[in-house]
Amino acid sequence: MTDVVSVDPRTGRPVEVVAQETTHGEVDALCTSALAAMPDVEALGRAGRAVVLRRMADGLEKRRQEIVRLADRETALGATRLDGELTRTCHQLRLFAEVLEEGSYLEAAIDHQAVTPMGPRPDLRRMLVPLGPVAVFGASNFPLAFSVPGGDTAAAIAAGCAVVVKAHHSHPATSKLCFEVLREAATAAQAPEGLLSLVHGLDAGTALVEHPAIRAVGFTGSSTGAHALLAIIEGRPDPIPFFGELSSLNPVVVTPSAAHERADELAKGLVDSFTLGAGQFCTKPGLLLVPTGPSGDAVVRGMSQRVQAMDALWLLNEGVADSFERGTARLVDTAGVEVLAHGQEADGHGFQAVPLLLTTSASAIPDEVTEECFGPVAVVARYSDEGDLIGALQRTPASLAATVLQSETETELPARITEAFRSRTGRLVYNGYPTGVAVTWAQHHGGPWPSTNSQHTSVGTTAIRRFLRPMTWQDAPADLLPRELLDECTEVPRRVDGALQLAEPRPQTDQGQAT
């Protein structure tokens, strides 16, 4: 059997053996258990699953210091960043409990028997139901919010699905600890044993996606990894949905007026954004479009000064460090690209990266510049006029986010930039930075390929939609209908004979929590 080893990225050295890689036989047993658990997971009902999710959040809170300390040792992301990430993770779990109680995610609809211009209509009742067991692949750069206790897990459990998580090799000890916390919480909430499982190892991930019990895959990672999983799915006798969050350039436009008004402020914000978390955010801005002329020069000069003063930053693992070295070397060697500034040299210990700022012309952006390079590097593309700018935007690939940094009085240029971005992104940011994604009802964290391949993404309440499918009952006896489709149910919003009916207000407990 192969050891699963936890490595400290600050030293590059193994620290402990966390587990053994999961065998194909063990994967089969876990997937079979997940499938067997599905009726009991659904039987928990919306209220029961809400209890499970809140217990999970409470369990993580109780072990906060231990989890943050271990995650920092495995990722070098820093205790402050990870403490905030754990807060977000707990918030996601509790938010999906609220989604369950609110109930509109079900899209419940009832059309009673009626005589219509097309003839008699049967009684039809429709709502969304769980897909089945879900495979979730943990992400390297978010050991909590996009891994074992992350948004995919929360959304799938809320939907009524059992979950089998593939732990990321960058943080196996953190994954194991979080899994144990979640499993203990689920057991305390009387959830079935197969609700949540954990596997380790590349081969286990392959076996997981191949297993006939798995009905959907959630993945956050590289395009290379996504294509490998898609190839496995295409080889199944019954292809299943794949929800991937992949590569993203996340371009930022600085308008001439913004550069004139606040050059130093923009310089600081841009550098802080593309180096946040050592540039290991999927929303990192990799392409910065800045006007030519004195105001744009001031922005670029301020950025260069800040990058030059930066120390080397820790990367997540050896693979990320090697990829960053290859990617930046390719950029530096690309015709038309020049080095503006780089940070202080690394000390040679662990997986370090030197922050790098490059420049090119917006009128002739090389293809290499439009590819994501994971890590603390960004390319400044200088544009001379509006035509130059819009032409450059039309040559960039689709991204998770696109940003416009403008002055408060501008309207025409931001409107044209917005129009150019609309077909190329899922989130438009104005006078802010794309790094950092709020988990809310209105959030969307996706975009056209290659950023994602899904209309419903991994952040925000619509994430639950990925793990549900529509089901219609025709002329069904009342005792065979889900509670939410009974005529007398007033707990959830529904569309009845074409008219939207809101749910009745829920009673509140002494603690203010709806029952």
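The values are calculated or read from the model by the stated rules, or taken from the named source; none is laboratory data. In this text, all values refer to a predicted model and were calculated from it rather than measured experimentally. Reconstructed Cβ throughout: ideal geometry from the backbone, glycine too, with neighbour counts over all protein chains shown.
For region 180-211, the set of residues classified as hydroxyl-bearing (Ser, Thr, Tyr) and either touching an Asp or Glu at 6+ places or on another chain (Cβ under 9 Å) or part of a helix (DSSP H, G or I) (or both) consists of Thr187, Thr206, listed by residue number.
From the list Leu428, Leu468, exactly one residue is within 25 Å of Leu230 (Cα to Cα) and modelled with pLDDT of 95 or more. Which is it?
Working: Leu428 fails: within 25 Å of Leu230 (Cα to Cα).
Leu468 is the lone residue from the list that is within 25 Å of Leu230 (Cα to Cα) and modelled with pLDDT of 95 or more.
Considering Ala398, Ala402, Ala392, Ala378, which residue is of a type outside the set (Lys, Arg) and over 24 Å from the mean Cα position of the chain (by Cα)? Spell out how you get there, then give the answer.
Numbers: Ala398 fails: over 24 Å from the mean Cα position of the chain (by Cα); Ala402 fails: over 24 Å from the mean Cα position of the chain (by Cα); Ala378 fails: over 24 Å from the mean Cα position of the chain (by Cα).
Being of a type outside the set (Lys, Arg) and over 24 Å from the mean Cα position of the chain (by Cα) holds for just one of Ala398, Ala402, Ala392, Ala378, which is Ala392.
Does Val320 qualify as being β-branched (Val, Ile, Thr) and either modelled with pLDDT under 95 or within 19 Å of Thr275 (Cα to Cα) (or both)? So Val320 passes the test. Can you name every residue in region 471-484 that is part of a helix (DSSP H, G or I) and either out of contact with any Leu (no Cβ under 9 Å at 6 or more places or on another chain) or modelled with pLDDT under 95 (or both)? Once the filter is applied, which keeps residues that are part of a helix (DSSP H, G or I) and either out of contact with any Leu (no Cβ under 9 Å at 6 or more places or on another chain) or modelled with pLDDT under 95 (or both), region 471-484 yields Asp479, Leu480, Arg483. Inspection of region 109-119 finds a residue satisfying the criterion of being under 27 Å from Thr457 (Cβ atoms) and surrounded by fewer than 23 Cβ atoms within 10 Å (Cβ to Cβ). Selection of first residues in region 26-46 that are not assigned by TED's automatic domain parsing to the domain that holds Ala155 and of second residues that are hydrophobic (A, V, I, L, M, F, W, C), restricted to Cβ pairs under 6 Å at least 6 apart or on distinct chains, gives an empty result. Checking each residue in region 396-424 for being in a loop (DSSP other than H, G, I, E, B) and loosely packed, with under 15 Cβ neighbours inside 10 Å picks out Glu408, Thr409, Thr411, Ser423.
Screening Ala258 with (1) over 30 Å from Ala156 (Cα atoms); (2) in contact with a Gly (Cβ under 9 Å, 6 or more places away or on another chain); (3) surrounded by 23 or more Cβ atoms within 10 Å (Cβ to Cβ); (4) not charged (D, E, K, R) gives one miss only, at (2).
Among the residues of region 271-292, the ones that are touching a helix residue (DSSP H, G or I) at 6+ places or on another chain (Cβ under 6 Å) and not in a strand (DSSP E or B) come to 3 in all. The residues of region 71-82 that are surrounded by 17 or more Cβ atoms within 10 Å (Cβ to Cβ), outside any loop (DSSP other than H, G, I, E, B) and not basic (Lys, Arg), listed by number, are Ala71, Asp72, Glu74, Thr75, Leu82.
Is it true that Leu93 is among the hydrophobic types (A, V, I, L, M, F, W, C), within 30 Å of Glu484 (Cα to Cα), assigned to a helix (DSSP H, G or I) and touching a Phe, Trp or Tyr at 6+ places or on another chain (Cβ under 9 Å)?
In short, no.
Check Arg495, Arg427, Arg506 and return the single one that is touching a strand residue (DSSP E or B) at 6+ places or on another chain (Cβ under 6 Å) and assigned to a loop (DSSP other than H, G, I, E, B). Break it down into steps so the answer makes sense when it comes.
Numbers: Arg495 fails: assigned to a loop (DSSP other than H, G, I, E, B); Arg427 fails: assigned to a loop (DSSP other than H, G, I, E, B).
On inspection, the qualifying residue turns out to be Arg506.
The residue that is surrounded by the most Cβ atoms within 10 Å (Cβ to Cβ), among those in region 436-468 that are under 14 Å from the mean Cα position of the chain (by Cα) and assigned to a helix (DSSP H, G or I), is Ala463. Against the list (1) surrounded by fewer than 18 Cβ atoms within 10 Å (Cβ to Cβ); (2) at pLDDT 95 or above, the condition Ser363 fails is (2).
Go over the candidates Ala76, Ala135, Ala71, Ala145 one by one and state the one that is outside the structural domain of Gly350 (by TED's automatic domain parsing), at positive phi, touching a helix residue (DSSP H, G or I) at 6+ places or on another chain (Cβ under 9 Å) and not β-branched (Val, Ile, Thr). The conditions single out Ala76.
Going by the conditions given, is Tyr433 more than 16 Å from Leu249 (Cα to Cα), surrounded by 16 or more Cβ atoms within 10 Å (Cβ to Cβ), touching a helix residue (DSSP H, G or I) at 6+ places or on another chain (Cβ under 8 Å) and not hydrophobic (A, V, I, L, M, F, W, C)? Spelling it out, it is not the case that Tyr433 is more than 16 Å from Leu249 (Cα to Cα), surrounded by 16 or more Cβ atoms within 10 Å (Cβ to Cβ), touching a helix residue (DSSP H, G or I) at 6+ places or on another chain (Cβ under 8 Å) and not hydrophobic (A, V, I, L, M, F, W, C). If the condition is being outside any helix (DSSP H, G or I), in contact (Cβ under 8 Å) with a residue 12 or more places away in the chain and out of contact with any Ser or Thr (no Cβ under 7 Å at 6 or more places or on another chain), then region 327-347 contributes Thr334, Ala335, Val339, His342, Gly343, Gln344, Glu345, Ala346, Asp347. Residue-level analysis places Thr490 outside the set of residues that are β-branched (Val, Ile, Thr), more than 30 Å from Glu504 (Cβ to Cβ), surrounded by fewer than 17 Cβ atoms within 10 Å (Cβ to Cβ) and modelled with pLDDT of 90 or more.
Taking region 266-296 as the search range and keeping residues that are farther than 16 Å from Pro251 by Cα and small (Gly, Ala, Ser), which one is surrounded by the most Cβ atoms within 10 Å (Cβ to Cβ)? The qualifying residue surrounded by the most Cβ atoms within 10 Å (Cβ to Cβ) is Ala278.
Considering only residues that are in a strand (DSSP E or B) and of a type outside the set (Ser, Thr, Tyr), which ones fall in region 348-376? Full working, then the answer.
Our first condition is that a residue be in a strand (DSSP E or B); within region 348-376, this holds for 352-353, 356-361.
Residues satisfying the conditions are Gln352, Ala353, Leu356, Leu357, Leu358.
Would region 268-284 turn up any residue that is among the aromatic types (Phe, Trp, Tyr), within 22 Å of Ala145 (Cβ to Cβ) and at pLDDT below 95? Yes, that holds for at least one residue.
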